[in-house]
Amino acid sequence: MIAAQAGDKSAYRLLLDELQVWLVRYYRRRLPPDAVDDAVQEALVAVHTKRHTWDPSRPFAPWLAGIARYKWIDRLRNLSATRTEELPETLSVGDHGDGVLSATVLAGLLATLKPAQAAAIRLVKLDGLSIEEAAARTGQSRSLVKVNIHRGLARLSRTVEGYSDGE
């Protein structure tokens, strides 16, 4: 470390390589396997950024151990913040087939309308906008939005008349 602080790049490279081996052993005993590499890299970055704070008249190992310990504590905090739990085997996901089918049929039905009618119905009836908000978005007057909704819904009613649930 003394040579590295003096600017010897090969000594610094050798130091980092040796520190990496030591840090891997240090963290393997303290962290889950998937967290070891990140902890080692964080500790090496900390050594690099704080190398000027090491006093050559003092032992190097306690200085390094302090950095490793602080990075270990940081990693433990991160692990506890992102704690995961195993999902039970009985957990089931509902079938979304009916919803997908309904959305597809609705999109197909709206496609049969004039674009202004489909837009008005989509904004007011599906998205929940007011007549005024739909008028502002489409550039239509309030009256025209109401007319387009009325005519569009009437056309949709005529389209779906005669269909049964089985078709």
Checklist entry - Hey, any hits in the stretch 6-20 for a residue that's in a helix (DSSP H, G or I) and either outside the structural domain of Leu76 (by TED's automatic domain parsing) or β-branched (Val, Ile, Thr) (or both)? => result no
Next on the checklist: If Ile67 satisfies all but one of (1) without any contact (Cβ under 8 Å) to a residue 24 or more places away in the chain; (2) more than 25 Å from the chain's Cα centre (by Cα); (3) within 21 Å of Leu19 (Cβ to Cβ), what's the number of the condition it fails?
Outcome noted: (1)
Checklist entry - What is the one condition in (1) outside any helix (DSSP H, G or I); (2) at pLDDT 90 or above that Ala120 does not satisfy? => result (1)
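Leu109 - would you say it is within 30 Å of Val145 (Cα to Cα), touching a residue at least 24 places away in the same chain (Cβ under 8 Å) and part of a loop (DSSP other than H, G, I, E, B)? If you could, list the steps in order and put the result at the bottom.
Values: within 30 Å of Val145 (Cα to Cα): yes; touching a residue at least 24 places away in the same chain (Cβ under 8 Å): yes; part of a loop (DSSP other than H, G, I, E, B): no.
When the stated conditions are applied, Leu109 does not pass them.
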Checklist entry - Looking at Asp127, Asp95, which one is surrounded by 11 or more Cβ atoms within 10 Å (Cβ to Cβ), under 29 Å from the mean Cα position of the chain (by Cα) and free of Cβ contacts under 8 Å to residues at least 40 places away in the same chain? => result Asp127
Checklist entry - When the stretch 31-70 is examined, which residues are found to be out of contact with any Phe, Trp or Tyr (no Cβ under 9 Å at 6 or more places or on another chain) and of a type in the set (S, T, N, Q)? => result Gln41, Thr49, Ser57
Next on the checklist: Any residue in the stretch 130-153 that is touching a residue at least 24 places away in the same chain (Cβ under 8 Å) and closer than 13 Å to Pro115 by Cβ sitting within a Cβ distance under 6 Å of a residue that is part of a helix (DSSP H, G or I) and of a type in the set (Lys, Arg)? List the pairs, counting only those 6 or more apart or interchain.
Outcome noted: none
Checklist entry - Where residues in the stretch 18-45 are farther than 22 Å from Ser80 by Cα and under 30 Å from the mean Cα position of the chain (by Cα), which of them is surrounded by the fewest Cβ atoms within 10 Å (Cβ to Cβ)? => result Val45
Checklist entry - How do the pairs read when you match residues in the stretch 10-32 that are farther than 28 Å from Leu79 by Cβ and among the aliphatic types (A, V, I, L, M) with residues anywhere that are at pLDDT below 90 and part of a loop (DSSP other than H, G, I, E, B), using Cβ under 7 Å and keeping only pairs 6 or more apart or on different chains? => result Leu15/Met1
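The values are calculated or read from the model by the stated rules, or taken from the named source; none is laboratory data. As the structure is a prediction and not an experimental result, all values here were calculated from the model. Every residue, glycine among them, receives a Cβ derived from its backbone with ideal geometry; neighbour counts consider all protein chains shown.
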